[in-house]
Amino acid sequence: MREIADFLFEVGMLKKTPRSGFQFLGSGCESVAEHVLRTLYIGYVLCKMEPLADELKVFRLCLVHDLPEARTGDMNYMNKKYVTVDEKKAVRELAEPLFFGGEIEAVLDEFNRKETKESLLAHDADQLSLILQLKECGDLGNKYSQEWIDFAVRRLSTENARKLAGSILDTDSSNWWFKDKSDWWVNGNHGSSDHNG
């Protein structure tokens, strides 16, 4: 049980580990844990669009794809040109004490090999999470985000992910909450004649 407690504390480090690429973009910020959460939701959606995919496998891939970053930190594309991270060592040492560590190693290996339909969906979920974050930055005025988006879109593998990316890029990031332009925004109600509060 102590090893499991250690593992769960380690997972908490993902909340404190920043996604480092945003320092180059000049705006936006998120932790690795925030990125993983949205990646999970995207994986869920992609599985609904690809009903033959093994949803549980996609969830596992999305869940652990950045787990080693609790130990290594997040290496962005610029860092990776100069710094070599021993991810295999990080994975081995985090998995070794756990009775389910072999599963974590196998899932990470599948993610990194990109050979199964599920691993491609998980990679697409990872990139779509980045695309969503970049679109939000662009909608707030970052003129560099579109170029980053173009590269991320080129990394997508599945047709449904490309279609979803197109829809994301055609949608204002505030639309989900600001599309109702009713009286609510003036009086706090939806067009009712009651203006008391």
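A short reminder: the numbers here are calculations on the coordinates, not readings from a lab. The structure presented is a predicted model; accordingly, all values stated were derived computationally and were not measured. Quick reminder, even Gly has a Cβ in these numbers, built from the backbone with ideal geometry, and neighbours come from all protein chains shown.
Of Pro68, Phe24, Ala125, which is farthest towards the positive pole of the chain's charge dipole, taken about the Cα centre with +1 and -1 on the beta-carbons of Lys, Arg and Asp, Glu respectively?
Checking the options against the dipole of the chain, the answer is Phe24.
How would the stretch 54-197 be classified by its alpha-carbon gyration tensor: rounded, prolate or oblate, with rounded meaning a/c under 1.5 and the a/b versus b/c comparison settling the rest?
Taking the square roots of the gyration eigenvalues as a ≥ b ≥ c, the stretch 54-197 is prolate.
Can you give me the distance in nm between label points at Lys15 and Tyr44, each placed 7 Å from the Cα along the Cα-to-Cβ direction?
Label-label distance for Lys15 and Tyr44, simple model: 1.9 nm.
Could you work out the helix-only [θ] at 222 nm for the chain, with each DSSP H run of four or more residues adding -39,500 (n - 2.57) and the total divided by the number of residues, to the nearest 500 deg cm²/dmol?
-19500 deg cm²/dmol
How do the peptides 100-109, 63-72 rank, highest first, by the average count of neighbouring beta carbon atoms within 10 Å per residue?
In descending order of packing, they fall as 63-72, 100-109.
Tell me which residues come under 5 Å, amide H to amide H, from Ser31 once H is placed; ignore anything under 5 positions away on its chain.
HN-HN under 5 Å from Ser31: Arg19.
How would the stretch 1-95 be classified by its alpha-carbon gyration tensor: rounded, prolate or oblate, with rounded meaning a/c under 1.5 and the a/b versus b/c comparison settling the rest?
oblate
State the answer as a single residue: which of Asn160, Leu8, Tyr44 lies farthest towards the positive end of the charge dipole of the stretch 2-179, with beta carbon charges of +1 for Lys and Arg and -1 for Asp and Glu, about the Cα centre.
Asn160
What list of whole percents do you get for P(r) of the stretch 70-145, with Cα-Cα distances grouped in 5 Å bins up to the one holding the largest distance?
3, 13, 14, 18, 21, 15, 8, 5, 2, 0
Taking the Cα centre of the chain as origin, work out the dipole magnitude from +1 charges on Lys and Arg Cβ and -1 charges on Asp and Glu Cβ, in debye rounded to 20.
Rounded to the nearest 20 debye, it is 420 debye.
With an 8 Å cut-off on Cα pairs and a minimum separation of 6 or more residues, tell me the relative contact order of the chain in percent.
The normalised contact order for the chain reaches 20 percent.
Can you flag which of Lys117/Lys181; Lys80/Lys135; Lys88/Lys163 are past 32 Å Cα-Cα?
Lys117/Lys181; Lys88/Lys163
Please give the Cα centre distance for the stretch 43-94 versus the stretch 121-152, rounded to the nearest Å.
18 Å
Can you compute 3J(HN,Hα) from phi for each residue in the stretch 142-148, using the Karplus curve 6.51 cos²θ - 1.76 cosθ + 1.60 with θ = phi - 60°, rounded to whole Hz and x for Gly and Pro?
Per residue, the Karplus-derived 3J(HN,Hα) values read 6, 6, 8, 5, 5, 5, 5 Hz.
Along the stretch 46-62, what does the Karplus equation 6.51 cos²θ - 1.76 cosθ + 1.60 (θ = phi - 60°) give for ³J(HN,Hα), rounded to whole Hz, x for Gly and Pro?
Each residue's phi maps through the Karplus curve to give 4, 5, 5, 7, 10, x, 7, 6, 7, 4, 4, 5, 4, 4, 4, 4, 5 Hz.
Order these peptides, 33-43, 147-157, by their mean beta-carbon neighbour count within 10 angstrom, highest first.
In decreasing order of mean packing, 33-43, 147-157 become 33-43, 147-157.
Hey, what do the phi angles of the stretch 6-11 turn into as Karplus ³J(HN,Hα) couplings, whole Hz, using 6.51/-1.76/1.60 and θ = phi - 60°, x for Gly and Pro?
Result, rounded to whole Hz: 4, 4, 5, 5, 4, 4.
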